[in-house]
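Presented below is the structure to which this report refers.
Quick note: the coordinates plus some simple rules give every number you see, no bench work behind them. Bear in mind the structure is a predicted one, so any value in this text is a computation, not a measurement. Neighbour counts run over all protein chains shown; Cβ positions are idealised from the backbone, glycine included.
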Amino acid sequence: MSFSTFFDLYMRERENDTLKRGGVEFRYASAALLIACANADLDESAEEQKAVRELLVETFGIPERTIQKLFNFAYDASEDSYLNEITALVDEHFPSEDKRSILNNLWHVALADGRIDEEEETFILRVAAAIGLTAEDVEDAKNTSDN
């Protein structure tokens with residue numbers, strides 16, 4: 001499935017410009033970013049994959065069959081083919097609180113294997129900048145996740 005088809009099916013806003021944290025758009029945007037973060041160092045650990053799956057099920061209520069489709073899609077797509085569209089959607093349509101929630105979850109995934117690789121940190125910084133968060137937001141989220 002192409003990114004544009006995936007985006008239209010699962011993420012494109014529907015009736016208005018207001019997208020809510022409980023909505024499908026937020027869940028799928030978050031899921032795609034979490035999966036991309038786990039793969040940022042090209043060495044997705046079992047701990048990172050487990051952290052992503054737990055967040056997707058417990059936080060977003062995404063069913064397992066859909067999670068596997070998300071993982072498959074993320075593995076098949078190149079980062080730049082979808083990351084810019086996802087971060088643009090998040091930046092444009094979600095409030096700072098939701099953006100910070102995504103940032104916290106990204107750090108949670110990056111820290112799941114007990115270390116933060118340079119590629120993971122670079123990825124998180126790139127996403128934070130793209131969704132309009134500051135360096136202070138990044139540091140706050142990282143410190144919160146360390147505890």
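Couple of notes before you dig in:
- Gained length - E47 relative to R115, 0.36 nm times residue gap less alpha-carbon distance: 23.4 nm
- Theoretical FRET efficiency, 1/(1+(r/R0)^6), r = Cβ-Cβ of E136 and E97, R0 22 Å, to 0.05: 0.90
- With R₀ fixed at 22 Å, the C-beta to C-beta distance from E58 to N143 puts the FRET efficiency at about 0.45.
- More than 14 Å apart - percent of Cα-Cα pairs taken over segment 78-144: 56
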